[in-house]
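K.L.:
Starting off with a structure, shown below.
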Amino acid sequence: MSCEIKPKTFDAKYINIADVDSPKEEGDRDINDGDINGCVTPLTDHASQIDEIKGVDDQVSKASSEKKVFRYKLMKTILLIVTYIVNGLVLTIKYPTFPDLCERTGSSVEELTRATAVRNIGYIIGCLVGGILFDRFRKFWDLQLSSGFLLLAVSVAFKPWCRGIVSLAFLYWLEGLSHGLFAIAGNGMMIAIWGGNTPAPLQAMHFGCRIGSLLAPALAYPFLSATRGEALYANATVPNNIETELTSTSNIEVPYVIMGGLGALASFGYLVVYLAPRPRGLVFTNVPKGRNLKELLHPGSFTNGNTRYGVILMTCMFLYFSINGACGSHFLLLQASIATETLNATKQEASLMQFAARGSAILGNFIVIPVSKFVPMPFIVFVICHAIAIVNFIAVALALKSRMNFAILGGVFDFFFASIWASGMGWPERYMEVTGSVIMIFNIGSGVGCSIMEWGSGYILQYHGAQSVMWLCSAFATALCLLTNVTQCVMSYHGPKKRQLVPIDID
């Protein structure tokens, strides 16, 4: 290969490539020995080569940064799934232990449902506080989760030692407060980091909750008392405004303390993540447009400035989360009570019914995770809501005819109901900004609906029987079907949102 040696008098300046690393004498630069290193190369060409090298380095650095961000998101998703197993344990341990809690506090079913309804008041307060904190202080999301799980651990561990309805109600209120704090942060963080790919990870997180709900009755089973439902009616005449000293053959302190310890471990895990270094280059979606309270809660801030659309859509979603919790008290909160009182099952038999139903819920949730990756979320929500309505009407006709019918229909109900919450979160994300304040409003709707339904259904069961509860749940399921159709029509009319990625300095 030959190179033409340019005279030094040429307008452009030249350097020898070999001289970049090893400068030589000025007179030696004109020597050309036929080797490529002896070629005289224009300075402009050398600059372009440097730019190419820098470009390659930038691409390598960007690829490395993307890998670190993805590992961080994957680690955070796994942590959320694992800790939501603890959430599922705590949320559902009250179902199999409900009759024993009635005995320990000397309360009737209707009276104890008042205490669980107080939990929803705490939940609403926790959502109000958690939603504002989530949107205003993005650097402290993990600390918010840590605080919520720590309060949860305290609230659940001491419940079995309550001998009065007032002290038990306070602990339920504290449990609801803690749940409101970490539920906002958990759901909001999952939506913020995954954006348009939210449905599958969000379903996986709530799948963790279903695993916990399966383990709860299995964990409680060995420690339940062997009495049947008659004891609950006897307790209806015991005054509950004073601390009672009723004897109980159950040892439910054991599962409650175990869950308190797991809650403390979850809190510690989020504290470690909060203190650990975080990767740069992380971007979030569904970030609020402002920071003050008025901007965070303004309906137009969720729907690209369209206030009227924001009000209508938020009203529909508030009602959606209010009603969906009211469709299943017969197979959730009151399942053990109906089984023991109406169908004369033992508490262990009722716990086994719940275990089977929660297993069905895990299967249903597991199936929806891959399905949500390929099937539009509006269709999934449509199928779930209408299937729940059909199961509820079948339950009116057949559920109370035998324990087997009640157990089977409870399992079918849980199969579809398992994904209703996560699907409801992922459903509007395509059409609006699902910020912490939006999730706060969703969760407040759930708290209001569950509070009214738990109190009301306990009263109806106590004084009007289980069949009336079946009819009530069916009515709410029908309303939910109508609401989902109306809401989807509103969303489709306005169309999908314009998605934005916002880089966040999280250090």
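K.L.:
How big is D for segment 397-480, in µm² s⁻¹ as a whole number, if Stokes-Einstein is applied with the Kirkwood radius of its Cα pairs at 37 °C and 0.692 mPa s?
P.N.:
218
K.L.:
With a 10 Å radius around each residue's Cβ, average the other Cβ atoms per peptide and rank 460-467, 101-108, highest first.
P.N.:
On the way: 460-467: 17.2, 101-108: 24.0.
My ranking of the peptides, most packed first, is 101-108, 460-467.
K.L.:
So, one more: In nm, to one decimal, how far is the N405 label point from the V375 one, both placed 7 Å along Cα→Cβ?
P.N.:
The modelled label-to-label distance comes out at 2.9 nm.
K.L.:
For segment 386-464 and segment 134-192, what is the centre-to-centre distance using only Cα atoms, to the nearest Å?
P.N.:
22
K.L.:
Can you flag which of K347/K401; K294/K373; K373/K498; K294/K497 are past 26 Å Cα-Cα?
P.N.:
On the way: K347/K401 19 Å; K294/K373 35 Å; K373/K498 20 Å; K294/K497 22 Å.
Going by Cα-Cα distance, K294/K373 fall outside the 26 Å limit.
K.L.:
Full extension from R136 to S492: what is 0.36 nm times the residue separation minus their Cα-Cα distance, to one decimal in nm?
P.N.:
So the extension gain works out to 125.1 nm.
K.L.:
Oh, and also: For segment 56-179, what is the number of Lys pairs with C-alpha distance below 20 angstrom, counting only pairs 8 or more positions apart or on separate chains?
P.N.:
Pairs that pass both the separation and distance tests number 7.
K.L.:
Looking at segment 86-169, which chymotrypsin sites (Phe, Trp or Tyr not before Pro) are DSSP coil and have at most 14 other C-beta atoms within 10 Å of their C-beta?
P.N.:
Hits after loop and neighbour filter: F137.
Read the figures in this text as sums done on the coordinates, not as results from a lab. Predicted, not measured: the structure shown is a model, and the values here were computed from it. So basically every Cβ, Gly included, is an ideal-geometry build from the backbone, and we count neighbours across all protein chains shown.
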